[in-house]
Amino acid sequence: MNSHDLLIQNARLRGQEGLFSIAISGGKIAAITPASDHAAREVIDAGGSLVTESFVNTHLHLCKVYTLQMMDEAALKDYHGADMGKAMTAIELAARVKEKYDEAWILPNVRKAVDQAIQYGCLHIRAFADVDAKARLEGVKALIKAREEYRGVVDIQVVAFAQDGVVREPGAEQLMRQAMELGADVAGGIPWIEYTDADIQTHVEFIFKLAKEFNKPVSMLVDDAGDPGLRSLEVMAVEAIRTGWQGRVLAHHARAMSMYPTPYLQKIAALLKKARMGVVTDPHTGPLHLRVRELLAEGCLVCLGQDDISDAYYPFGRNNLLEVAFLASHLLWMTTRQEMETLYDMVTTAAGQAIGLSDHRLEVGNPANIVILGQPDVLEALREHAAPACVISNGKVVRKNL
């Protein structure tokens, strides 16, 4: 009998009765069977715990982590106002920290956050780095270095992010192009902060043009304020369809959606499906959030993200996507067992799909990116939102939290 590299015994799987064995060879899942007689060089007894795909963080401003202590709380107060009417002001206040941007201190902060991601079983991160006159390319450089350091353990997708706009920020287009040339993985924008609808359109068109030139996906923060007149999500979806970039686009926040009339929401849902565009919601980082239930009911792709870790927008966070799902369960009132399963998808399989992972499922032949939880089911996993008992990346044990 051929020997596998690793065997997980007595594993519970979502939606299935009984216990299973998962054999891993060459970094991939080789077999999933009720039998436990596979030969392997290393054997782990899951002890009846739930075993699933590892977690995916679709949205993290990784260049900003642990910068809260470097500034006052003015931005935090404006961003968390009841109607988010001062969200634009919050962004401008938060930008102060970028005057001090230096790869030398950003990189250690990034390493701390990524190490926490490993601890909590998060092995894929779409990571934003501000690109503008203040930040220059310091954040992008730091994140690219981290991407290479953690390659094979944590997959870091570096987003070159035009945080201060494209039209309103002199030199932004040139800096964004330089960031892509350095090796950024995703072209990122924030069109809603431009001053006019025409400038929003220009912003979106530029980001898509850049993405197509470098053959990269697109991530954009859209409509992140309490203004029902914001429509950059629609502009983005239409541009994805017009340029043939369907399936390679991801929108983030879309908090203004909470104020949209139902007929317009239905139009947006139809556009999202036609553009094959997912949407990330981070309900724990602001008092408004997109209408998750309605979009799910319409068959749209929705997932969760961490968004921030101890920065000007959010004081907490530790790259624990179970914690994010736990918070979302309360904020969205998704508390039935089936809704909990949906939330779990939103930090694993749906999240993977949203950032272009076609094989992030616990299935034979797929990469063995796996967590062994210390609980028997999703309800208990969310209740505890504890670090997994064991984290496996590409078939290798990278963390045991025992």
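With the range 318-402 as the region, which helices (runs of 4 or more DSSP H) entirely inside it contain at least 1 residues that are out of contact with any His (no Cβ under 8 Å at 6 or more places or on another chain), assigned by TED's automatic domain parsing to the domain that holds residue 42 and surrounded by fewer than 16 Cβ atoms within 10 Å (Cβ to Cβ)?
Values: elements: 321-331, 337-345, 349-354, 378-384.
The helices (runs of 4 or more DSSP H) meeting that bar are 378-384.
How many residues are hydrophobic (A, V, I, L, M, F, W, C) and either in contact with a Ser or Thr (Cβ under 9 Å, 6 or more places away or on another chain) or surrounded by fewer than 16 Cβ atoms within 10 Å (Cβ to Cβ) (or both) when one looks only at the range 264-288?
Of the residues in the range 264-288, 3 are hydrophobic (A, V, I, L, M, F, W, C) and either in contact with a Ser or Thr (Cβ under 9 Å, 6 or more places away or on another chain) or surrounded by fewer than 16 Cβ atoms within 10 Å (Cβ to Cβ) (or both).
Only residues that are surrounded by fewer than 20 Cβ atoms within 10 Å (Cβ to Cβ) and either touching a Pro at 6+ places or on another chain (Cβ under 9 Å) or not assigned by TED's automatic domain parsing to the domain that holds residue 258 (or both): list them for the range 222-234, please.
228
I need every pair where a residue in the range 36-55 that is assigned by TED's automatic domain parsing to the domain that holds residue 21 and farther than 26 Å from residue 344 by Cβ has its Cβ under 8 Å from the Cβ of a residue that is at pLDDT 95 or above and acidic (Asp, Glu), sequence separation at least 6 or different chains.
40/5; 41/5; 42/5
I'm trying to understand the selection: among the residues of the range 236-258, which are within 18 Å of the chain's Cα centre (by Cα) and either buried (at least 17 other Cβ atoms within 10 Å of the Cβ) or under 15 Å from residue 161 (Cβ atoms) (or both)? Full working, then the answer.
Going residue by residue through the range 236-258, those that are within 18 Å of the chain's Cα centre (by Cα) are 247-255.
Those that are within 18 Å of the chain's Cα centre (by Cα) and either buried (at least 17 other Cβ atoms within 10 Å of the Cβ) or under 15 Å from residue 161 (Cβ atoms) (or both): 248, 249, 250, 251, 252, 253, 254, 255.
Only one of 193, 200, 207 is within 18 Å of residue 247 (Cβ to Cβ), out of contact with any Leu (no Cβ under 8 Å at 6 or more places or on another chain) and surrounded by 16 or more Cβ atoms within 10 Å (Cβ to Cβ); which?
Details: 193 fails: within 18 Å of residue 247 (Cβ to Cβ); 200 fails: within 18 Å of residue 247 (Cβ to Cβ).
Only one candidate qualifies: 207.
Output the residues belonging to the range 278-298 that are in contact with a helix residue (DSSP H, G or I) (Cβ under 7 Å, 6 or more places away or on another chain) and over 17 Å from residue 351 (Cβ atoms).
Those that are in contact with a helix residue (DSSP H, G or I) (Cβ under 7 Å, 6 or more places away or on another chain) and over 17 Å from residue 351 (Cβ atoms): 286, 288, 291, 294, 298.
For residues that are in contact with a Cys (Cβ under 7 Å, 6 or more places away or on another chain) and more than 25 Å from residue 113 (Cβ to Cβ), tally how many sit in the range 14-64.
Summing the residues that are in contact with a Cys (Cβ under 7 Å, 6 or more places away or on another chain) and more than 25 Å from residue 113 (Cβ to Cβ) in the range 14-64 gives 1.
Look at residue 261 and say whether it is in contact (Cβ under 8 Å) with a residue 40 or more places away in the chain and either over 29 Å from residue 120 (Cβ atoms) or surrounded by fewer than 23 Cβ atoms within 10 Å (Cβ to Cβ) (or both).
Working: in contact (Cβ under 8 Å) with a residue 40 or more places away in the chain: no; either over 29 Å from residue 120 (Cβ atoms) or surrounded by fewer than 23 Cβ atoms within 10 Å (Cβ to Cβ) (or both): yes.
No: the conditions fail for residue 261.
The values are calculated or read from the model by the stated rules, or taken from the named source; none is laboratory data. Fair warning: this is a prediction, and the values are worked out from it, not measured in the lab. For neighbour counting, all protein chains shown are included, and Cβ atoms are generated from backbone atoms with ideal geometry for every residue, glycine included.
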